Every structure is written in C-alpha cells, then in structure tokens.
Amino acid sequence: MTWQRVVDDFRTWARVNSPWVVHFNTGSCNGCDIEILATLTPRYDAERFGVKLEGSPRHADVLICTGPVTRQARDRLLRVYEQMPEPKFVIAVGSCAISGGVFQGCYNVIGHIDEVIPVDVYIPGCPPRPEAILDGVVKLLGHLKNPVLEETIQEAG
Amino acid sequence: MNTIQDLFTLMFFPGGLFVLALGMSYEWVDRKLMARVQNRVGPRWFQPYADIAKLLVKEEVIPADSNRLLFIGLPILALAGALTAALYVPLAGFDPLYSFKGDLIVALYLLSLLTVCTGLAGANTTDRFSLVGATRTLTQLFSYEAPFLLAMLGPAVVARSWQINEIIADADGQWLLIVQPVGFVVALIGLLGKLEIAPFNAPEAETEIVAGALTEYSGRGLALFRLGRHVELIVGLTMVAAFYMGGVSGLPLFVLKTLLLLLILVGIQSLVARLRIDQTVGLWWRWGVLLVLAQWLVLVIWEGVQA
Amino acid sequence: MKLDTTVPQRFVVPIGPQHPALKEPGHFEFTVDGEQVTGASVRLGYAHRGIEKATEGRNWVQNLYLLERICGICSHVHATAYCLGVERLAGVTAPPRAQAIRLLVAELERIHSHLLWLGVAAHEAGFDTLFMYSWRDRETVMDILEALTGNRVNYSANLLGGVKFDLTPELTDKIYKGLELLEERTHQYVDVVTSDATLLQRTRGVGATTREQAEELGLVGPTARASGVERDIRTEAPYAAYPDFPVQVVTATAGDLEARFVVRLQELFEAYRLIRAVLEKLPPGDLQARMPRKIKPAETVSRVEAPRGELFYFIKSNGTDQPERIKVRTPTLCNLASVCVLAIGSQLADVPMILAGVDPCFSCNDRMVTVYSGDTAHTQWTWKQLRQYGIDYYRR
Amino acid sequence: MDTQEALKSAETLLTDYPSTRPEENRLDVTLAPENLSAVVSNLVAARWGYLMAITGLDQLALDQLEILYHFGAGAAVLTLRILLPRTPIPSVESICPIIPYANVYERELGEMFGVEFRNSPNTDRLFLPDDWCSDVYPLRKDAVLNEE
C-alpha cells in the first residue's frame, strides 16, 4: 500500500512539474494566442514552472484552446485532442473559448470549446493577461496535486 | 573482479544511473544558461528529471502503420548505445571502466548509433514530418560525422594509439587545443551537430517539421531518446575536454572543464539562427572536412619527422 | 518501407492548422521533392467566423466592439477604419484631440505589431534569442498601451465620434521613457538583422520580389514597400491626424526577407518620431463629438494603413441604427497569395520564413474570405513564367 | 497625382458610362455587366490605380445583386458598379485574365453571394467549411443560416 502511495505521489509530482503544452487556435482573433506566446518570453517565463510549448500533440500533456470553435476547425480540434496521449488536460483561454464571446450566433461558429471536447480549466478575459494564463496553468497543476480532488474528477469522469 | 562489483559499476556508479543523472543535470545547466542568456529565469534544477519521469509514466501511442517492434526497440537500442559508449570514456574524472585497443572507434560509432536510431525511428512512421525529419537527421549525420571523427583522431595521432585511455594519458596536462586549434573547433561544432542543437537543429526544426523524426513518439519512447541525448551530451563533453583540454582526472577538474565547454556551446547556440540543411552540409564538407584534413596532414608529417 | 517507388509520389508536407510555425490556423500544403518545394496551396477558413454577416444584425455601437475583435494584433486600426467611415456617413467629425490620440494609439500598435513580427520571424529562423529579446522589449509598448487604455490587447480606445481615453502628464512621461529605451534597442536590432551571418543566410535573397512582381501580386504594406512600391495610405490618403503629422514612407529595393526586416524596423523609428511629434503638439479640446443613433442611407469607403498594409472598409447605411453592409478587406489577403507563388522553387526550410515575411494574420483574413489554391496552372508558375507573364502583361 | 486630377482622368476614361460623385474623393460608375472586362482593361492599360476590393451588395428590395469593384489611386476611389438579377445564379465575366490577384476577391464573392464568374482560373471554395450546403449563400439577406 505504502509503496503504491509513493509511486502515485512520484507520478503526480512528475506531472505537476512538467506540463508540456500544445496550442490550438480554433478561430480566435489572435489576441489570446499572442498572450499565450507572451507567457514564454522573458517577463513571464513559463519555463520556470516547467511549461514547455511543444509542436506535436503527441508530446503534450495540456491542450490550450483559444477562440470560438468554427465549423472548419471542429474536426481538427477533435483530431488534435485524440492524438494526445493520456493523461491529457484542456485549458480554454479567453471569453470566446468559454462562451463564444462576441462571436456568439455567427453562422460559422459552432460554439465554445466544451461543446466539442471536455475542458478542465477556463481562463476568462478578452484576452486574459499572461499572468492569468500562468495562473490558470498553475490552478490546473494544483488540481492534480490534490488527490481528493483528483479522485472526484476520476469518479465524475 | 567479481560479478557483483561489475554489476554495480554498470548499473549504478559510475555507469548506468549515475550517467543518466549526470546527463540530466547537464541538460538542466544547458537550459538554465540558455534561459539566462535570453533574459529569462529558466527551469528549476529538477526540471529534466520531472520531464523524463512524466514521459515515462505517460501513455505511449504506437501509430497503427508503423512497425511495432522497431517502434519500441529503437529507443532502447539508442539509449543502450549511448550508455555503452559512456563506459569507454573517463566519466566524472574516473578511469574508463573498460578499455581495449581501438575503443575510440567503438565509442564514436556507438554514439552515432543514437542518431541512426533516431533517423530510423522517424522513417518507421508514415507521418510526413517524421519522414522529413528522418531524412534531415541522416543527411546531417553524414555531414558532421566525418569531420568530427577526424577531429577526434587528431589527439590519437599524436598519442599514436586508438585507445581512449592511452590518448588521455598522453594528452594529460597538455592543452592540445593550443597546438590543434582547428581540431578543437571542429570537434566542438561537431558536438553541436551531434546533439542537434542550434545552429544545426534543422532535423527537429520546430517551425518547419514540428519535432522532426520524433514527432510521433510519446511517453516512454520519447523519454528514452531524450535520455540518450543527455548521455550523449555528457560523453561528448567528456571526450572533447579530455582530449583537447588537458585531461579530466578528478571530479572537480572534470566538472570545471566540461562546464566551461558547455558554456561555450550555449554561447554559440544562443547567438546563431538555424542553418538550412543544405547550408549545414555545405559548411561541413566545404570547410570542416578540409580544415581538419589539412591539420591532420600537418600532424602526420610532424609525427613522421619526429620519428 | 511502405513507399511505392513505381509511382512518382507527390510528397505533401502540410503546415497548419495546428502547427508551431503558425500560431494561427491556416492550412498550407507544400508538395516537396526532397527539400525543394514544387507546389503550394492554401486552405483558409479555420478562423472564419462570419463577422460580416454578424454586423448586419447589430447596431452601430455594438459593431465597434465586434469589429475590434476581428484581429487581436491590429484591433485599433480596425476600429479606427470603422469609426472614420461611420463618422463620415453621419457627417460628424471627431475633435482634433481625439484624432491625435487615434494616431498615437495606432502608432503604438504599429510598434507592438512590428516587434511581435520581428520575434516571430526570428523564431521561424530558429533564432530564439532574438525572439526573446524583441518580445521582452515589446512589453514596454504593452505597458504603455495598458496604462493608456487599460488593456493590453483590444484596447477599445475608439468611440464613434471620438476616443475614450485622454493623456495625462504622467503618461506622457512614461511614453517618452519607453520610446527612449525602444529606440536604443531598435538600433541594435537593425544591427543584428543586417550583420548577423547566420540570420543573413536565411534572409538575404530569400523570397525576393521585384517591384513589378509586387505590383503584379497586389502586395500591400511593408511587404510591398520592401520591394520599392511606395504605397502607404498614411501619405496617400491621410486620415485621422495624419494630415497634421506627415509620415515619411520607408522603402527598400531588394524585396527579399532582409529588406522586409529592415523596412519594418525603419518604420519603428518613424513611429517613434510621430509619437513624439504628437505628444509635443497634442491639440487641446474635447475627446468626443455627439453621434446620432441612426444614420441616413449612404455609402462610404474608409481606408487606413494597418501595420500589415492597407485596410479597406466599405460601409453602407440604410437609415436605421444598424448597417446595411460592412465589407472588410484586410491586408493579409492581398499578401498571402504571394506566399504560394514565392514558395515554389524554394527550400522547405525557407517556407516558414517566406510565410512570416508577409506577416500573415489569419484571423483578420478569415473573418470573410480567401484562398489561393495551387491546384490550378495559375500557381504552378516558375519564376521565369511569372516574370515573363509580368513583362507580357505590361506590354499589352 | 492629385485626387481631383485622378478622378478627372478616370472620368475621361469612362465618359461613355453614367457616373456620379457620391463623395469628394469618390467616383461611382454604373456599367452593364458585359462592359466590365473592357472597362477594367482600359483602366489597367491606362495604369489607373489598383484594384482594392470587390464588394457584393444584396439589394433584396430590387431583387438584384450589385457588385462593386473598388479601384484606388492615392486618395481617389473609383467604384465600378454592376447590377445582376438575383435568380437564377447570376453570372459575370471574371477579370482574373486582366488582374490575376482579383481571383481571391471573386472567389469570396462567389461563395458568399452565389455569383458565377465565367472564365475564372479557380472557383474552388475558399473558406466556408467543406460540408457547407452548396445552395446557401450566407451574405445574401434572405439566407437561412440554421443554428446547430
């Protein structure tokens, strides 16, 4: 039992400290995307927390989505999500990703991200500041760290 | 020598786990220095450990259209090659664990095994980025391998031996980089090429072909390849430091010299843009090979005259 | 292994819609022969949201906020073009102080956009240090914009009939200080892009476009100016406060990527100069003029110079509080077609550079439009054919 | 070139067609669809400005579609307007043989308003999704855009 506990703790520690991120724009205005990129740059430096922006969905743990989902982007979003190996998490960045934002009701917009794939963390803002994005990532990690919460997530999921 | 002691040296110290730990620490130093140059804070000290551990516990997706055996086997082979190579070099300032005549050649080729495996791994999947990445990896292998080998053979000629042990004994205390500057520079730049870091990172150019040959790898396979790369970094640094910087006897001297080399590597890495693959090949065959060959000629003649 | 060697295969490398070189979704397919690109095609629409249709269901004020979100990088120019057009339709002129502040924000935005582009282009070239440095300095502009308008992106500084924010003396000081720092850094960047050997290997002579080709391809903005096409709406048809603060157009002749780097960097100096001029001679007065809620039926054309080139708005009112039709033509649309033409015959490694060279902005583009497919004979031109075509074209 | 001079020269180029001056810097010329190619050729031959955009307008009340070709030279804006019936799918000669880069504007228009461009080198769908119904033109005023 205790050995299992140690292994679990170690696994959680590794996951919490090494979130590799892949970014997908599903029809965003660029504002959020640029702010996500800004989190990597000297002032915010997400690498401090082990965050690494990866190109290949196969390498990534966290999918960051921006923008309302357009008809054309929907299939791609699903494909990117499916390409990611387990365990995987999704962060929706920006008002549009959360609710469709100003683009609600536009004919080529299907809706928000969680109508297509399950979302773990929502980061509001138009666009959210880089600090807010970092905070969102850290919140996600905090979630993983707390085993009680993790259990509830697993039960629910 | 008894079996238990042998096993210990192979598995834990100074082979095996120790090499892996050392490799990851050096990887951290590399990333941290790079971040500092770029005005960033950079990763925490345990970052590479966390990365590898996370990758190891992550799901490994095996693409349906690739050869399963190769897909799983290649990363293991790559890491094994790098770890074996580590046994022949004076790691952490200790004498090489195993030594025989001609082990220099064996060590160099075991190091290349990693690159070949990476290339094959890329070619094993039908992903287009992987295929382009594999082509580039192998193209680059053919471009830097010969000059790097020649650069490594310079000290061997002086020592008149193909045995790493003897070369180091011969070079101990003399900074060969003063008498063989061309060899040193080519070896250093060859190391950049071997490790596929800027400006020779075209095989994994993120903006063109995502992650190159390893695009389809996730989880354990990727972890093993990365570990292999880290070990390669250590072995490469050790060899260059030992051959050209007056030996690495003793841990403090080893750390000092290899870190100095790493600092130079980071400096180059942060000051250059990525070369295109055709430019890389051109650079090596037009300049690298010719310069090293010229120096080699001088060395051989000089040795001949002395003899 | 599985390659069938009996049939000559088209080996297609897709770039996008999810791809590290493009932070935005566009989808390119490049047919390659080894490392050589032999064909190119584009498929856009991943960010097509249908904004033009949406404008017809919202009133004039709501549309301001919608149109501002066409693009997160050049949000202010979209709002400016829209406001100027609507003001003209309504017969309202924004007070001079408002016009000057519009210019100020537009130039600050140009600085942020060009620095952003410099970073992204450097990243495409694998020069991450330059990327990090330029984005570090970009934060200075972002701070100024945030202090001025309260938001880092989508500033919403514009209102119909004026602007929302005024300048305070502290802000003016902050801007002066920021500009000083940026000016010094920009000199360094000019040094780097014109002298760094490895970067020059990736930029000099790559994607070169002659003046004729640039006109033929319908290029706009800095991309066209790097080829010697002296076209800049700020001088040709000055708007906002540009008549009072004239702009010097920066051009180059080489038309390659290096020239595009240089032109964009030189435009930064011009932007610094303009901002200083505005700060020194900021006209006093009100910030807003009254706007009617409904606008009588009319049509107008509004053009502004976005960081990427000419932005075109066609606005038609119908006497209600909602527009009859708003048509937006973004600069990226004009420039993007050139990527496919320029990519053919170049190295795969140069493609992201060529793409970055036009500073594409897909969200601008897709709000309504585009594509240039390589499947027709049209885009499969070689340089020679293209040049020949250009010559014949002007002989006719 | 001065704005007024530019407009004057455009007027002389297009004397055969009825024109108006809706704004100080604009000249609107109404053409019959069959004259379009000739007029555009004339403008290009005279090197008058460049094509800035093509706008579609749905005049539902008149049961007509209007296509506006905007040309710019400095501050001067010349608009060529052609009127087409709304149904069946209206057809107009493509200007791509004269101005190649007009292709993207035409394709946009074709997709959004349902206009057919004859002799166009490329009429593929531009940016609407691949599974978009082929007979729905979103920017027409009476388009039924069902919500999913």
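Laboratory data are not the source of any read-out in this text; all were calculated from the coordinates shown. Computed from a prediction, not measured in an experiment: that's the story for all the values here. Because the Cβ atoms are built from the backbone with ideal geometry, glycine has one as well, and the counts that use them run over all protein chains shown.
Rg and Dmax of the range C:157-230, Cα atoms, in Å?
19.1, 50
Please average, across the residues of B:65-72, the number of beta carbons from any other chain that are within 10 Å of each residue's own beta carbon, and give a whole number.
The mean count of partner-chain Cβ atoms within 10 Å per residue comes to 1.
To the nearest 0.05, what FRET efficiency results for A:Asp75 and D:Glu34 with a Förster distance of 56 Å applied to their C-beta separation?
The computed FRET efficiency comes out at 0.85.
My understanding is that a pair violates if its Cα-Cα distance is over 20 Å; which of C:Lys294/C:Lys316; C:Lys296/D:Lys8; A:Lys88/B:Lys58; C:Lys53/D:Lys141 do that in this structure?
Flagged as over cut-off: C:Lys296/D:Lys8.
What is the distance, in nm, between label points placed 7 Å from the Cα along the Cα-to-Cβ direction at C:Arg204 and at B:Phe18?
Placing both labels 7 Å along Cα→Cβ, they lie 5.0 nm apart.
What is the mean number of Cβ atoms from other protein chains located within 10 Å of the Cβ atom of each residue in peptide A:106-119, rounded to a whole number?
Neighbouring Cβ atoms belonging to other protein chains average 4 per residue here.
Give the lysines reachable from C:Lys177 as a straight Cα distance under 30 Å; neighbours fewer than 8 places away on the same chain don't count.
Excluding near neighbours in sequence, the set is C:Lys164, C:Lys281.
7 Å from Cα along Cα→Cβ at both C:Thr320 and C:Leu167: what's the point-to-point distance in nm?
4.1
Of A:Cys29, C:Cys340, A:Cys65, how do they rank once you tally other Cβ atoms within 10 Å and put the fewest first?
C:Cys340, A:Cys65, A:Cys29
How far is it, in nm, from the label point at B:Asn39 to the one at C:Arg290 when both lie 7 Å from their Cα along the line to the Cβ?
Output for this residue pair reads 4.9 nm.
Using 1/(1 + (r/R0)^6) with R0 = 22 angstrom and r between the beta carbons of B:Val305 and B:Ile178, what's the FRET efficiency to the nearest 0.05?
With a Förster radius of 22 Å, E is 0.65.
If you stretched the chain out fully between B:Ile268 and B:Glu59, how much longer would it get, using 0.36 nm times the residue separation minus the C-alpha to C-alpha distance?
Using 0.36 nm per residue and subtracting the Cα-Cα distance, I get 71.6 nm.
If we sort C:133-143, A:9-19 on the protection proxy, mean other Cβ atoms within 10 Å, highest first, what's the order?
Descending packing order for the listed peptides: C:133-143, A:9-19.
Could you check which residue among B:Asp172, B:Asp278, B:Asp103 shows the biggest mean-square fluctuation in a GNM of chain B with a 10 Å Cα cutoff?
Ranking B:Asp172, B:Asp278, B:Asp103 by mean-square fluctuation puts B:Asp278 first.
From the Cα gyration tensor of the range C:280-359, with a ≥ b ≥ c the square roots of its eigenvalues, which class applies: rounded if a/c is under 1.5, or else prolate if a/b is larger than b/c, or else oblate?
It comes out oblate by the Cα gyration axes.
For chain B, modelled as a GNM with alpha-carbon contacts under 10 angstrom, which of B:Thr137, B:Thr126, B:Thr115 fluctuates the most?
Result: B:Thr126 has the largest fluctuation of those listed.
Got the relative contact order for the range A:19-156 handy, in percent, Cα pairs under 8 Å and 6 or more residues apart?
Value for the range A:19-156: 26 percent.
For the range D:83-99 and the range B:226-245, what is the separation of their C-alpha centers, rounded to whole Å?
The two parts, judged by their Cα centres, are 68 Å apart.
I'd like the distance between the alpha-carbon centres of the range D:1-51 and the range B:138-188, rounded to an integer number of Å.
Here the answer is 74 Å between Cα centres.
Set the Förster distance to 41 Å, then compute FRET efficiency between B:Ala80 and C:Ser195 from the Cβ-Cβ distance, nearest 0.05.
0.35
Would you list which lysines come within 24 Å of B:Lys257, measuring only between C-alpha atoms, while excluding same-chain residues fewer than 8 positions from it?
Of all the lysines, those that pass the test against B:Lys257 - Cα under 24 Å, at least 8 places apart if same chain - are B:Lys32, B:Lys194.
Ordered by packing density, taken as the mean number of other Cβ atoms within 10 Å over each peptide's residues, highest first, how do C:216-229, B:289-302, A:105-118 rank?
Most protected by this proxy first, the peptides run C:216-229, A:105-118, B:289-302.
Go through C:287-295, C:99-107 and give me the packing order, highest mean Cβ count within 10 Å leading.
In descending order of packing, they fall as C:99-107, C:287-295.
Work out the mean other chain Cβ neighbour count within 10 Å for the residues of C:128-138 and drop it here as an integer.
Neighbouring Cβ atoms belonging to other protein chains average 6 per residue here.
Rg and Dmax of the range B:3-306 over Cα atoms: what are they, in angstrom?
For the range B:3-306, the Cα-based Rg and Dmax read 18.9, 62 Å.
Once you have a ≥ b ≥ c as the square roots of the Cα gyration tensor eigenvalues for the range C:130-272, tell me rounded if a/c is under 1.5, and otherwise prolate or oblate according to whether a/b is larger than b/c.
It comes out oblate by the Cα gyration axes.
Provide the convex hull volume over Cα atoms per residue for the protein assembly as shown, in Å³.
183
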